[in-house]
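Heads up, the thing below is written out as structure tokens.
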Amino acid sequence: MEFVIKISQFLLSLSLLIVLHELGHFIPAKAFKTRVEKFYLFFDVKFSLFKKKIGDTVYGIGWLPLGGYVKIAGMIDESMDTEQMAKEPQPWEFRSKPAWQRLIIMLGGVTVNFLLAILIYIGMSYFYGDKFLPNDNIKDGLLIESTVANNAGLLTGDKILAVDGEKIENFSQVSEKVLFGKEITIERNGNTSTVTLPEDFLAQLIDSKEKRFIDLREPFIVVEVPDTSFNKNAGLIKGDIIIALNDFKTKYADEVRLGLEKFKGEDVQATVIRENEKITLPLKISDESKLGLVYASRSTPKTLEALGYYKYDTKKYGFFESFPVGLKKTKDRMLSYWDQLGAIFTPSTGAYKGVGGFKAIFDIFPNVWSWQAFWGITAFLSIMLGVLNLLPIPALDGGHVVFLLYEMVSGRKPGDKFLEYAQVVGFFILIALVLFANGNDIYKAIFN
């Protein structure tokens, strides 16, 4: 059932983005009286799941869910319709239109992508508001158990104050900023210092295959004491929070693990919080530094707030207030994604190792249906699709835009043969990128 929910969200989001992107090309093409021969969701290699011709356009759904397309008459695109291009230009063809009209048609798709992200973020700000954990409310620092991060100089208990001179306002910014940052300003034991990350820090993280990087420190909450546990009769019950082992304070789960190592093989007196009261229970610690029980490795913000570990803030926005908030979120996401692309195209960072394909996108969606999560992911994917399509690669919208700008500035239109060759080169570049990204997914699935 979880798979069905994830795949449903994935396909709905993908379909929405494809249809709206292609609609961004379709509408200005029609407005400039340019014939659109096909409008397809997904690719119709050999056959279609559905198709219907209305006027001059065939609308359809293909069977290969790797994207979609509009086929505009008289345009050199992925269809490589050289037969049509060999004929005399017709007034209703793309190639017969003024350069400025062709430019608007080509920019229509990415324009819709960015507008969609803005509208989603505005809507989410108005309906949901923002719930976040201010960085100042993290009193005891963060959980940093990654060996790569530890070797670079970041330790559990560090408070991350700024990255590359930019102050961290809330917890949600921390991981992403650090991943693509260089100079990390931290506070440790009341002292402020700077940690300089190695250039290949991201590559080291990817190679380490460690799941957790930077996270919140959380309490050690008992979930279950199995019947086979050597602490079965110690008196622990579900919901107990261990806050000390003998005189060793264990406010957080990472401190409990340190205590278990300290007292391994011994009997200890554990201080436990149960329904807001402190009680003491005798516990055994095995020679392997285990308690023989299951504890919660992740707690919800509601639980952490109720226990008094963190205080979250919530901002609500009025209808008109949500507009600048939505615009700012879109701008911040765009800049962040540009930074990520910059790292990916800088080989020395090793960020290219983390590039993922369709499985990576699929994995972003939660196992339960959440409209808030769905719309947030869709907005980000819309920005990602818009930015990627602006890359100056022939066969992408950005490649067509580069040639059109050249034509508008120089007054000379590139020849059809040149555009055909460029399209072929661009197509092979795209295929290589798709194979690389999805190959990374396959490699991680097998070896991680």
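Using a 1.4 Å probe over the heavy atoms of the protein chains, calculate the carbon and sulfur portion of the accessible area of the chain as a whole percent. Result for the chain: 61 percent of the exposed heavy-atom area is carbon or sulfur. Every pair of different Cα atoms in the chain enters the Kirkwood calculation, which places the hydrodynamic radius at 25.8 Å. Listed by chain and number, the aspartates and glutamates whose C-alpha is less than 20 Å from the C-alpha of residue 97, apart from same-chain residues fewer than 8 away, are 22, 37, 56, 77, 78, 81, 83, 88, 397, 407, 416, 420.
If you average 1/r over every pair of different alpha-carbon atoms in the range 239-290 and take one over that average, what Kirkwood value in Å do you get? Taking every pair of different Cα atoms in the range 239-290, averaging 1/r and inverting gives 10.8 Å. Per the Debye formula on identical point scatterers at the alpha carbon atoms of the range 128-284, with no solvent, log10 I(q)/I(0) at q = 0.13 Å⁻¹ is -0.74.
Under 24 Å Cα to Cα from residue 316, which lysines show up? Leave out anything in the same chain fewer than 8 places away. The qualifying lysines are 131, 167, 302, 328, 329, 331.
Among the trypsin sites (Lys or Arg not before Pro) in the range 354-428, those located in a DSSP loop and surrounded by at most 15 other Cβ atoms within 10 Å of their own Cβ are 412. Amide H to amide H distances under 5 Å link residue 310 with 305, where only residues 5 or more positions off or on other chains count and H is placed in the peptide plane. Rg then Dmax, both in Å and based on the Cα atoms of the range 342-411: 16.7, 55.
Cα centroids of the range 145-168 and the range 400-415: how far apart, whole angstrom? The range 145-168 and the range 400-415 have Cα centres separated by 48 Å. Springs between Cα atoms under 10 Å define the GNM used for the chain, and in it the highest mean-square fluctuation of 88, 420, 305 occurs at 88. Among the chymotrypsin sites (Phe, Trp or Tyr not before Pro) found in the range 343-424, those both in a DSSP coil and sparsely packed, with 14 or fewer other Cβ atoms within 10 Å of their Cβ, are 345, 369.
Of 277, 22, 407, the residue with the greatest mean-square motion in the GNM of the chain, using alpha carbon springs below 10 Å, is 277. Taking trypsin sites (Lys or Arg not before Pro) across the range 1-69, the ones in a DSSP loop with at most 15 further Cβ atoms lying within 10 angstrom of their Cβ are 33.
Relative intensity of the range 1-105 on a log10 scale, I(q)/I(0) at q = 0.17 Å⁻¹, equals -0.82, per a Debye sum over C-alpha point scatterers of equal strength in the absence of solvent. Across the alpha-carbon atoms of the range 282-331, the computed radius of gyration and Dmax are 20.9, 61 angstrom.
Computed over Cα pairs, the Kirkwood radius of the range 150-191 leads via Stokes-Einstein (0.890 mPa s, 25 °C) to a diffusion coefficient of 233 µm² per second. A 1.4 Å probe run over the range 218-279, with the rest of the protein chains in place, finds 56 Å² accessible per residue. Across the alpha-carbon atoms of the range 373-418, the computed radius of gyration and Dmax are 15.0, 48 angstrom. Hey, in the GNM for the chain with a 10 angstrom Cα cutoff, which one of 326, 265, 68 fluctuates hardest? Among 326, 265, 68, the largest GNM mean-square fluctuation belongs to 265.
Run a plain Debye calculation on the range 232-385 (Cα atoms as equal point scatterers, no solvent) and give log10 I(q)/I(0) at q = 0.10, 0.11 Å⁻¹, rounded to two decimals, same order as the q list. After summing over all Cα pairs, the log10 values are -0.67, -0.76. The lysines whose alpha-carbon is closer than 18 Å to the alpha-carbon of residue 211, local same-chain residues fewer than 8 away aside, are 177, 353, 359, 444. Whole angstrom only: what separates the Cα centroid of the range 311-344 from the Cα centroid of the range 230-264? Spelled out, the Cα-based centre of one part sits 40 Å from the other. Placing a label point 7 Å from the Cα of residue 238 along the Cα-to-Cβ line, the residues of the range 293-308 whose backbone N sits under 14 Å from it are 294-296. Considering the convex hull of the alpha carbon atoms of the range 120-161, report its projected area averaged over all viewing directions, in nm², one decimal. Approximately 4.5 nm², given one-decimal rounding.
The values are calculated or read from the model by the stated rules, or taken from the named source; none is laboratory data. On a predicted model such as this, the values are computed, not experimentally measured, just so you know. Cβ sites come from the backbone with ideal geometry, for glycine too, and all protein chains shown count toward neighbours. Note: areas computed on protein heavy atoms with side chains; ligands, DNA, RNA excluded. Shrake-Rupley method; radii C 1.70, N 1.55, O 1.52, S 1.80 Å.
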